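In what follows, a structure is listed as C-alpha cells, so that the remarks can point back to it.
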Amino acid sequence: MRTLRFLLRKEFRQIFRDKAIVAMIFLMPVIQLVIMPMAADYEVRNVNLSVVDNDKSTYSQKLISKVIASGYFKLQGYNSSFKEAFRLIESDKADLILEIPHGFERNLIREDKQKLFVAVNAINGTKANLGGAYLSSIIGNFNADIRMQLVQQPRFSSFPVINVVASNWFNPVLNYKVFIVPGILAILVTMIGGFLAALNIVKEKEVGTIEQINVTPIKKHIFILGKLIPFWILAMIVFTIGLILARLVYGIIPVGSLMVLYAFIAIYLLSVLGFGLLVSTFCDTQQQAMFIMFFFMMLFILLGGLFTSIDSMPDWAKLITRINPVRYMIEVMRMVILKGSGFQDVMQQFGAVSLMAVILNGWAILNYKKTN
C-alpha cells in the first residue's frame, strides 16, 4: 500500500502539472455538455417547403396557411409551376414541393374528393420521412375540418366513438434534452477515462521514465493500479459535475437512487480505464494510442444507442453491442435518471460491465511487459 500511495502521488502531480490535461479533464466536458444537447435536436423543424398553387382559391390559401402555421415548415417559394419549384430542390433550397391542382376547391366541394401532389427530396432520408409525415398529417387534419364544415352531423351519432387519451411516462412534455443529456454525459465520461488512460503508459515510454519504473521492484498489478486509480477519481468528479450541470442547466433531476448510479459508474469506469490501459500497453507512441482509441470510440458511440436505437439495428450489430460498454452505460443512465430503476432492474448491466472490467484489467496487467 505504501508503494501504491507513492505512485498515486506521482500520478496526480504529473496530471496537474500539465495545464492542458487539466483543462481537457474539467473544462472541455462542461462546455460540451452545455452546448451539445442544445445543438443535437431530435426534432425536425424548419423543413423548407415550396408551394405551387394552381387553384388560388380560398381553400388552397387556407391549406397553405395551415401548413405554415404548424411551425414545422418554412415557405421557401410560392411558384407558378412545378418546374420552377423543382429548381429549388435541385439547388438544395427546398425539401418538399406541395402542388395544388386546378379546381381544388370546386372538386373538394362538388365531388367530395381531390388529389394533391407532394414531391419529397429524399437525399436526407430522416428529414424526408418526417417532413412528408408532418405534411400528410396536416393535410389530413385540414380535410377533416372541411368535412366537418360541409357535412351536417346528426344530433345523435349512430356510430360508436372511441376516444384515445395518451399519457407520456418519464418524459411528459416530450423534451428531447431529457433523453439525450444522460447519453451525452455517458459518452463524455467514457472519452475522458478512455483517452487519458490510453495515453498514460505511452507517455511514460516516450519520456523515458518507464525504464526507471521497470528497474524498480514495483509489481505489475501495483503499477497498473497506480495508473488506473487517478483517472478513476477524476472521471467520477467529471461525472458529478455533469449531474450538477444537468440539474442546473436542463432541470434534470435523477428519479432513481444516486447510490445505484454511482455504484454502476464506479464499475463501468474500471472497464473503460482497463481498456485504455490495455491499448496503452500495445502502443509505443501517443499518436498510435490516439488513433486506436479514436477508432474504438467511434464504434462505441455509434453502436451505443445514443443516436440510433439498438432495437432498430440489424442482428449482427446487436451482437456487437453486447460487448460495447457504452451501450450498458447509456441504458443504466436513462433507466436510473429517467425511470427510477433500482439495483434489481440493472443487474444484467452490472454483470456485463463487471465481467468486462475483470477481463480488460487482467489482460492489461498480463500484457504489460516489465523488465528488470
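The values are calculated or read from the model by the stated rules, or taken from the named source; none is laboratory data. No experiment lies behind these values; they were computed from the predicted model shown. As a convention, Cβ positions derive from the backbone with ideal geometry for all residues, glycine included, and neighbour counts pool all protein chains shown. Heavy atoms of the whole protein, side chains included, go into the accessibility calculation; ligands, DNA and RNA do not. Shrake-Rupley method; radii C 1.70, N 1.55, O 1.52, S 1.80 Å.
Label points 7 Å out from Cα along the Cβ direction at Ile21 and Arg2: separation in nm?
Once both label points are built, they end up 2.6 nm from each other.
On the accessible surface of the range 20-125, probed at 1.4 Å, how many percent belong to carbon and sulfur atoms?
With neighbouring chains kept in place, the figure for the range 20-125 is 56 percent.
Would you please put 45-53, 189-197, 136-144, 164-172 in order of how densely packed they are, using the mean number of other Cβ atoms within 10 angstrom per residue and starting with the highest?
Order by mean packing, descending: 189-197, 45-53, 136-144, 164-172.
For the range 168-259, with all protein chains present and a 1.4 Å probe, just round the carbon and sulfur fraction of the accessible area to a whole percent.
Within the range 168-259, the accessible surface is 72 percent carbon and sulfur.
GNM on the chain, C-alpha springs below 10 Å: top fluctuator among Tyr328, Tyr262, Tyr134?
Residue with maximal mean-square fluctuation among Tyr328, Tyr262, Tyr134: Tyr134.
With a Förster radius of 35 Å, plug the Cβ-Cβ distance of Lys113 and Lys339 into 1/(1 + (r/R0)^6) and report the FRET value to the nearest 0.05.
Once rounded, the FRET efficiency stands at 0.15.
How much length is gained on full extension from Lys66 to Ala144, taking 0.36 nm per residue of separation minus their Cα-Cα distance?
So the extension gain works out to 26.8 nm.
Based on Cβ point charges of +1 for Lys and Arg and -1 for Asp and Glu, what charge dipole magnitude is obtained for the chain about its Cα centre, in debye rounded to the nearest 20?
In total the dipole reaches around 1040 debye.
When ligands, DNA and RNA are left out and all protein chains stay put, how many square angstrom of accessible area per residue does the chain have with a 1.4 Å probe?
Result: 56 Å² of accessible area for each residue.
Could you name the aspartates and glutamates in cross-link range of Lys93, using Cα to Cα under 13 Å and dropping any fewer than eight places away on the same chain?
By straight Cα distance, Lys93 reaches Glu84.
Pick out, from Val336, Asn367, Phe350, the residue whose Cα sits farthest towards the positive end of the charge dipole of the range 250-372, with +1 on the Cβ of Lys and Arg and -1 on the Cβ of Asp and Glu.
Toward the positive end, the furthest listed residue is Asn367.
Report the gain in length on full extension from Lys56 to Met313: 0.36 nm times residue separation, minus Cα-Cα distance, nm rounded to one decimal.
87.9 nm
Please identify which residues in the range 212-254 have an amide N closer than 11 Å to a label point set 7 Å out from the Cα of Tyr262, following the Cα→Cβ vector.
Correct set: 237, 240.
Using 18 Å as the Cα-Cα cut-off, could you pick out the over-long pairs in Lys74/Lys115; Lys19/Lys203; Lys205/Lys227; Lys205/Lys369; Lys62/Lys115?
Correct reply: Lys74/Lys115.
Can you tell me which aspartates and glutamates have their Cα less than 20 Å from the Cα of Lys113? Leave out same-chain residues fewer than eight positions away.
Candidates past the 8-residue exclusion: Asp53, Asp55, Glu99, Glu105, Asp145.
Taking only the alpha-carbon atoms of the range 156-265, what semi-axes of the equivalent ellipsoid follow from 5 times the gyration tensor eigenvalues under a square root, in whole Å, largest first?
50, 13, 13
Could you rank the peptides 225-237, 176-188 by their average count of other C-beta atoms within 10 Å per residue, with the highest value first?
Peptide ranking by packing, descending: 176-188, 225-237.
Once Lys and Arg get +1 and Asp and Glu get -1 on their Cβ, which of Ser167, Pro101, Met298 lies farthest toward the positive end of the dipole of the chain?
Towards the positive end, the residue furthest out is Met298.
If you project the alpha carbons of the range 1-105 onto the principal axes, what extent comes out on each, in Å, largest first?
For the range 1-105, the Cα extents along the three principal axes come out at 90, 25, 19 Å.
Can you give the helix-only mean residue ellipticity at 222 nm for the chain, where every DSSP H stretch with n ≥ 4 adds -39500 (n - 2.57) and the sum goes over all residues, rounded to the nearest 500 deg cm²/dmol?
Computed ellipticity for the chain at 222 nm equals -21500 deg cm²/dmol.
Suppose we keep just the alpha-carbon trace of the range 290-349; what are its Rg and Dmax in angstrom?
For the range 290-349, the Cα radius of gyration and maximum Cα-Cα distance read 12.5, 38 Å.
Which number comes out as Rg/Rh for the chain once both Rg and the Kirkwood Rh are worked out on C-alpha atoms?
Radius of gyration over Kirkwood radius for the chain works out to 1.15.
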